[in-house]
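Visitor: Here it is: the structure, laid out below.
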Amino acid sequence: MLRLIWTYTVTFYYLLRLKSKLGDDFFSNSPYGTIIGQKAIWAAGYELKIIGLENLPKENGVLYVSNHQSFFDIFASFAIIKRQLGFIAKKQLKNFFYVGLYVEKLGGVLIDRDDVRSQVEVLTQLTKNVKAGYNAFVFPEGTRSKDGYLSEFKGGSFKIAMKSKCKIVPITFYNNFEVVKNRKDRAIKVKIDPAISYEEYASLNTSELSQKIQAIIQKNLDVGIENLKFA
């Protein structure tokens, strides 16, 4: 519990400290997302162990897709990718310790989960962002897994890729659902798969594309972390 309190304290401190540096350019703001991600991981006493760093595209205009196990997924993603990342966050975070401000200033969008129109507008905006050369990061499960098991991916998120014709990078988190527990293993373990080009999925519909990406992440989870060699 003390570790969790310390983590929140450090994270909120940097959210407040860096707030005045945020401008209107998503790329210029991206280093602050990286700093906050790194500080949160450090405060929690965790280290990142990663397979596939070489698979991260050097260009922007990419859709990153991951399973969702913990709020630490976002911190870890910023710390690993070190680029501008636009996330979808619930609108209730808009005035929560500037979290909503950071989401929007980093190219993300706030969503009203009870409003269908809001959901359509969010996907439309992120598609425009990716077409303009910005990056988006989505969790197609729609909510966090409390036990690490993968839930069905929702096809809607993949409309961003289909309409922007961008690369898709599948990312697998292995043990983030246990991040707030008192565990001996203090490592967040992540696998980054090779980017999938538009040509590789152009013939698929959103449902088929969703299943394709889910299968990649599910296969990683089935192999298990004990059979992988992390850096």
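Visitor: Looking only at the stretch 204-220, filter to residues that are free of Cβ contacts under 8 Å to residues at least 24 places away in the same chain and either assigned to a helix (DSSP H, G or I) or surrounded by 20 or more Cβ atoms within 10 Å (Cβ to Cβ) (or both); which one of those is farthest from the chain's Cα centre (by Cα)?
Guide: Per the stated criteria, the residue is Glu208.
Visitor: Here are Leu85, Leu18: which of them is under 24 Å from Gln211 (Cα atoms), at pLDDT 95 or above and touching a helix residue (DSSP H, G or I) at 6+ places or on another chain (Cβ under 7 Å)?
Guide: On the way: Leu18 fails: under 24 Å from Gln211 (Cα atoms).
From the options Leu85, Leu18, the qualifying one is Leu85.
Visitor: Ok, one more. Looking at Pro31, Pro57, can you tell me which residue is assigned to a loop (DSSP other than H, G, I, E, B) and on the phi < 0 side of the Ramachandran plot?
Guide: Answer to the selection: Pro57.
Visitor: Still on this structure, I have one more. Among (1) within 24 Å of Ser30 (Cα to Cα); (2) open to solvent by 40 Å² or more (accessible area, probe 1.4 Å); (3) not in a helix (DSSP H, G or I), where does Asp147 come up short?
Guide: (1)
Visitor: Under 9 Å between Cβ atoms, which residue pairs at least 6 apart in sequence (or on different chains) link something in the stretch 96-113 that is on the phi < 0 side of the Ramachandran plot and of a type in the set (Phe, Trp, Tyr) with a partner that is crowded, with 19+ Cβ neighbours inside 10 Å and in a loop (DSSP other than H, G, I, E, B)?
Guide: From the stretch 96-113, the pairs are Tyr102/Gly108.
Visitor: Looking at (1) surrounded by 15 or more Cβ atoms within 10 Å (Cβ to Cβ); (2) modelled with pLDDT under 95, which is the one condition that is false for Leu2?
Guide: If we test Leu2 against (1) surrounded by 15 or more Cβ atoms within 10 Å (Cβ to Cβ); (2) modelled with pLDDT under 95, just (1) comes out false.
Visitor: Can you pull out every residue in the stretch 8-42 that is touching a residue at least 40 places away in the same chain (Cβ under 8 Å), out of contact with any strand residue (DSSP E or B) (no Cβ under 7 Å at 6 or more places or on another chain) and of a type in the set (A, V, I, L, M)?
Guide: Listed by number, the residues that qualify are Leu15, Leu16, Leu22, Ile36.
Visitor: State all residues of the stretch 50-94 that are of a type in the set (Asp, Glu) and either under 22 Å from Ile217 (Cα atoms) or in contact with a Ser or Thr (Cβ under 8 Å, 6 or more places away or on another chain) (or both); if no residue qualifies, say none. Walk me through how you get there before you give the answer.
Guide: If we filter the stretch 50-94 for residues that are of a type in the set (Asp, Glu), which is where we start, we get 54, 59, 73.
Once the filter is applied, which keeps residues that are of a type in the set (Asp, Glu) and either under 22 Å from Ile217 (Cα atoms) or in contact with a Ser or Thr (Cβ under 8 Å, 6 or more places away or on another chain) (or both), the stretch 50-94 yields Glu54, Asp73.
Visitor: How many of the residues making up the stretch 150-161 are surrounded by fewer than 21 Cβ atoms within 10 Å (Cβ to Cβ) and modelled with pLDDT of 95 or more?
Guide: Looking only at that region, the number is 1.
Visitor: Let me ask something else about it. Does Val65 satisfy the condition of being aliphatic (A, V, I, L, M), in contact (Cβ under 8 Å) with a residue 40 or more places away in the chain and open to solvent by less than 70 Å² (accessible area, probe 1.4 Å)? I'd like the intermediate steps shown before the answer.
Guide: Values: aliphatic (A, V, I, L, M): yes; in contact (Cβ under 8 Å) with a residue 40 or more places away in the chain: yes; open to solvent by less than 70 Å² (accessible area, probe 1.4 Å): yes.
Criteria met by Val65.
Visitor: Can you run down the residue pairs with Cβ atoms below 9 Å, 6 or more apart or on separate chains, where the first is in the stretch 161-172 and at positive phi and assigned to a strand (DSSP E or B) and the partner is open to solvent by 10 Å² or more (accessible area, probe 1.4 Å) and of a type in the set (S, T, N, Q)?
Guide: Within 9 Å, no pair qualifies.
Visitor: Filter the stretch 73-101 down to the residues that are assigned to a helix (DSSP H, G or I), open to solvent by 10 Å² or more (accessible area, probe 1.4 Å) and not hydrophobic (A, V, I, L, M, F, W, C) and list them by number.
Guide: Lys91, Gln92 - these are the residues of the stretch 73-101 that are assigned to a helix (DSSP H, G or I), open to solvent by 10 Å² or more (accessible area, probe 1.4 Å) and not hydrophobic (A, V, I, L, M, F, W, C).
Visitor: In this structure, is Phe158 in contact (Cβ under 8 Å) with a residue 12 or more places away in the chain and under 14 Å from Gln69 (Cα atoms)?
Guide: For Phe158, the condition - in contact (Cβ under 8 Å) with a residue 12 or more places away in the chain and under 14 Å from Gln69 (Cα atoms) - is not met.
Visitor: Something else about it: Could you list, in sequence order, the residues of the stretch 112-132 that are over 18 Å from Ser210 (Cα atoms) and open to solvent by 20 Å² or more (accessible area, probe 1.4 Å)?
Guide: The answer is Asp112, Arg113, Asp114, Asp115, Val116, Arg117, Glu121, Gln125, Lys128, Lys131, Ala132.
The values are calculated or read from the model by the stated rules, or taken from the named source; none is laboratory data. Here the structure is a predicted model, which means the values were calculated and not measured. Neighbour counts are summed over all protein chains in view; Cβ atoms, including those assigned to glycine, are modelled from backbone coordinates with ideal geometry. The area values use the complete protein model at the heavy-atom level, side chains included, leaving out ligands, DNA and RNA. Shrake-Rupley method; radii C 1.70, N 1.55, O 1.52, S 1.80 Å.
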